[in-house]
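Trainee: I am attaching a structure below and will ask some questions about it afterwards.
The values are calculated or read from the model by the stated rules, or taken from the named source; none is laboratory data. These figures come from a predicted structure and were not determined experimentally. Here the Cβ positions follow ideal geometry from the backbone for every residue, glycine too, while neighbour counts run over all protein chains shown.
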Amino acid sequence: MKSICVIGIGYVGLPTAAMFASKGHRVVGYDLNEKAVNALNKGEIIIEEPGLGDLVKDVVKKGFLTAQTTCPDDCDVYIIAVPTPINPDKTADMRFVESATRAVVPCVRKGCIVILESTSPPRTVEDLMLPILKESGLEIGEELLVAHSPERILPGRVIEELRTNSRIVGGINEKSSVAVKEVYESIVEGEILLTTSTTAEMCKLMENTFRDVNIALANELAKMSEELGVNAWDVIRMANYHPRVNILSPGPGVGGHCIALDPWFLVEKSKNAKLIHQSRLNNDSMPEFVKDKIEKIIGGLNGKSVAIYGVTYKPNIDDVRESPIMHLMDMLKGAGVNVSVCDPHAGEKVAGNKGIYDASEGCDILVLGVNHNEFKDVDFAKLTAKMNAKNILDTRNFWKKTDVEAAGAKYYLLGDGTR
Ligand SMILES: NC(=O)c1ccc[n+]([C@@H]2O[C@H](COP(=O)([O-])OP(=O)(O)OC[C@H]3O[C@@H](n4cnc5c(N)ncnc54)[C@H](O)[C@@H]3O)[C@@H](O)[C@H]2O)c1
């Protein structure tokens, strides 16, 4: 059994720490956030994740997991899981990785392992971490082993995915890769693939970039379709009969803290990331495209009322980070629109959040931004009864045109240029 320090006990670090502790390792969570540390030492958690609360409670009670606000100097393995946000100019903000790496330097001794789990721009381990770790005086790759092992868990399924997902381990040399593989083998049942640290960084970024570029293609199809008088959704449905084609669905933009951010790390580092850059711009332009469509449908914006249904970055979650619908709302308000909103998941994360049959009252158009389950079986007669003008814009192809029209309302679909 090893003693493991997890630096950053957030959405990634805490479940990771708890999983290692559940296998009998002695685990210390090191975090600058006192609230997170105090909660953990009481066996409590301050983030939402199914199954995590019980797991943490159990391993803390058994004494396998503790937390502190200083970096412990008696661990065999140091796992860095701190945030890697982007700056306003879309470059990576690596201050957290840098300070976490600096915190490790006085704590490591011969035989220790340092693992970066945070999603990071290519060459972060080689160019940012190794020069700092060398200050320990240990021979890197021999006395101090270093690797990047990106995390790919899906919020909501974290405990299960930590165990069953395959894992990429990119060591700075083979000795590092092999030692780090052994560390993860105690919690991972999926395949563990060994490579270099920079390849591992590229793998994680390309996974999310693959999604972003493909969504951008679908969004471009939606825009072209509206320009050329075609229904993009018919095109997608029929084109996808081709055995080697899988066009994704267009929408009002890409959000969240991964797909909307990670491709920028490649744009920053490589002048060749042109398609990736253009895809980011395409996806970021969608809220404005939706805003323009709303304007066309209701004949202007200033003084009009728009009801937005769904503001989170994807269905059935409460997360509004980088949400394109939040951006759309800001743009509408900036254009003088009176915006009312309904999101059964976002709670107080969105101001003035109303109920399903209240938010549409008096509006000139109702815009479905996110296809939450709660919107599935709405009563369109009730939903549209008190609207000022009965217009519905569906940005997700979620509702049936016939159901909306049966309630005497007009149905508009993002990407349908056939009207
Ligand atoms: N959340 C996800 O679903 C997910 C999935 C895959 C990858 N990632 C990546 O994992 C990394 C961590 O993300 P997260 O969502 O867990 O972040 P988070 O904000 O939930 O948690 C990070 C924690 O690190 C702490 N911290 C910051 N700097 C520190 C330092 N110098 N020393 C000690 N603690 C420090 C913060 O206080 C915070 O508690 C990011 O690179 C993210 O892109 C996240």
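Trainee: Pairs please, first residue from the range 54-76 and farther than 14 Å from residue 41 by Cα, second anywhere and assigned to a helix (DSSP H, G or I), Cβ atoms under 6 Å, 6+ apart in sequence or on different chains.
Mentor: Between residues of the range 54-76 that are farther than 14 Å from residue 41 by Cα and residues that are assigned to a helix (DSSP H, G or I), the close pairs are 71/103; 71/107; 73/107.
Trainee: Let me ask something else. Say we look at the range 234-260 and pick out the residues that are of a type in the set (A, V, I, L, M, F, W, C) and buried (at least 20 other Cβ atoms within 10 Å of the Cβ); which of these is farthest from residue 320 (Cα to Cα)? Please lay out each step first, then the result.
Mentor: Taking the range 234-260 as the starting set, the residues that turn out to be of a type in the set (A, V, I, L, M, F, W, C) are 235-236, 238-239, 245, 247-248, 254, 258-260.
From the residues that got through so far, the ones that are buried (at least 20 other Cβ atoms within 10 Å of the Cβ) too are 236, 254, 258-260.
Numbers: 236: 28, 254: 11, 258: 13, 259: 14, 260: 12 Å.
The selected residue is 236.
Trainee: Determine if the range 303-315 includes at least one residue that is under 30 Å from residue 361 (Cα atoms), free of Cβ contacts under 8 Å to residues at least 40 places away in the same chain and in the same structural domain as residue 412 (by TED's automatic domain parsing). So that I can check it myself, show each step before the final result.
Mentor: Step one: of the range 303-315, the residues under 30 Å from residue 361 (Cα atoms) are 303-315.
The next check asks that each one be free of Cβ contacts under 8 Å to residues at least 40 places away in the same chain; those that pass are 303.
Filter once more, so that each one left must be in the same structural domain as residue 412 (by TED's automatic domain parsing): 303.
There is at least one residue in the range 303-315 that is under 30 Å from residue 361 (Cα atoms), free of Cβ contacts under 8 Å to residues at least 40 places away in the same chain and in the same structural domain as residue 412 (by TED's automatic domain parsing).
Trainee: Which residue pairs have Cβ atoms closer than 9 Å, lie 6 or more positions apart in sequence or on different chains, and pair a first residue in the range 83-107 that is touching a residue at least 60 places away in the same chain (Cβ under 8 Å) with a second residue that is away from the ligand (no atom under 12 Å from the Cβ) and assigned to a loop (DSSP other than H, G, I, E, B)?
Mentor: 107/73; 107/74; 107/75
Trainee: Given the criterion buried (at least 18 other Cβ atoms within 10 Å of the Cβ), among the acidic types (Asp, Glu) and outside any helix (DSSP H, G or I), identify the matching residue among 189, 151. Steps first, answer last, please.
Mentor: On the way: 189 fails: buried (at least 18 other Cβ atoms within 10 Å of the Cβ).
Among 189, 151, only 151 is buried (at least 18 other Cβ atoms within 10 Å of the Cβ), among the acidic types (Asp, Glu) and outside any helix (DSSP H, G or I).
Trainee: Looking at the structure I just gave you, is residue 160 over 21 Å from residue 1 (Cβ atoms), surrounded by fewer than 22 Cβ atoms within 10 Å (Cβ to Cβ), more than 10 Å from the ligand (Cβ to nearest atom) and over 24 Å from the mean Cα position of the chain (by Cα)?
Mentor: Numbers: over 21 Å from residue 1 (Cβ atoms): yes; surrounded by fewer than 22 Cβ atoms within 10 Å (Cβ to Cβ): yes; more than 10 Å from the ligand (Cβ to nearest atom): yes; over 24 Å from the mean Cα position of the chain (by Cα): no.
It is false that residue 160 is over 21 Å from residue 1 (Cβ atoms), surrounded by fewer than 22 Cβ atoms within 10 Å (Cβ to Cβ), more than 10 Å from the ligand (Cβ to nearest atom) and over 24 Å from the mean Cα position of the chain (by Cα).
Trainee: Test residue 118 against the criterion of being polar (S, T, N, Q), farther than 26 Å from residue 210 by Cβ and within 13 Å of the ligand (Cβ to nearest atom), and give yes or no. Can you show your working first?
Mentor: Values: polar (S, T, N, Q): yes; farther than 26 Å from residue 210 by Cβ: no; within 13 Å of the ligand (Cβ to nearest atom): yes.
The answer is no for residue 118.
Trainee: Another one. Considering only the range 108-143, state which residues are surrounded by fewer than 17 Cβ atoms within 10 Å (Cβ to Cβ) and either in contact (Cβ under 8 Å) with a residue 40 or more places away in the chain or part of a loop (DSSP other than H, G, I, E, B) (or both).
Mentor: 109, 110, 111, 123, 126, 137, 139, 141, 142, 143
Trainee: Could you grab the pairs with beta carbons closer than 6 Å, sequence gap of 6+ or different chains, first residue in the range 1-30 and of a type in the set (Ser, Thr, Tyr), second one away from the ligand (no atom under 13 Å from the Cβ) and not in a loop (DSSP other than H, G, I, E, B)?
Mentor: 3/26; 22/59
Trainee: When you look at residue 382, is it under 23 Å from residue 316 (Cβ atoms) and surrounded by fewer than 16 Cβ atoms within 10 Å (Cβ to Cβ), yes or no?
Mentor: Working: under 23 Å from residue 316 (Cβ atoms): yes; surrounded by fewer than 16 Cβ atoms within 10 Å (Cβ to Cβ): yes.
Here the answer is yes, as residue 382 does meet what is asked.
Trainee: If you check 32, 65, 14, 40, which single one turns out to be closer than 25 Å to residue 125 by Cα, in contact with a helix residue (DSSP H, G or I) (Cβ under 8 Å, 6 or more places away or on another chain), modelled with pLDDT of 95 or more and within 16 Å of the ligand (Cβ to nearest atom)?
Mentor: Numbers: 32 fails: in contact with a helix residue (DSSP H, G or I) (Cβ under 8 Å, 6 or more places away or on another chain); 65 fails: closer than 25 Å to residue 125 by Cα; 40 fails: closer than 25 Å to residue 125 by Cα.
That would be 14, the only listed residue that is closer than 25 Å to residue 125 by Cα, in contact with a helix residue (DSSP H, G or I) (Cβ under 8 Å, 6 or more places away or on another chain), modelled with pLDDT of 95 or more and within 16 Å of the ligand (Cβ to nearest atom).
Trainee: Now, a different point. Could you tell me whether any residue of the range 199-208 is more than 20 Å from residue 281 (Cβ to Cβ), away from the ligand (no atom under 16 Å from the Cβ), within 22 Å of the chain's Cα centre (by Cα) and at pLDDT 95 or above?
Mentor: Yes, that holds for at least one residue.
Trainee: A further question follows. Check the range 340-356 and report whether any residue there is surrounded by fewer than 16 Cβ atoms within 10 Å (Cβ to Cβ), in contact (Cβ under 8 Å) with a residue 24 or more places away in the chain and either in a loop (DSSP other than H, G, I, E, B) or of a type in the set (Lys, Arg) (or both).
Mentor: Checked against the condition, which is being surrounded by fewer than 16 Cβ atoms within 10 Å (Cβ to Cβ), in contact (Cβ under 8 Å) with a residue 24 or more places away in the chain and either in a loop (DSSP other than H, G, I, E, B) or of a type in the set (Lys, Arg) (or both), the range 340-356 yields no hits at all.
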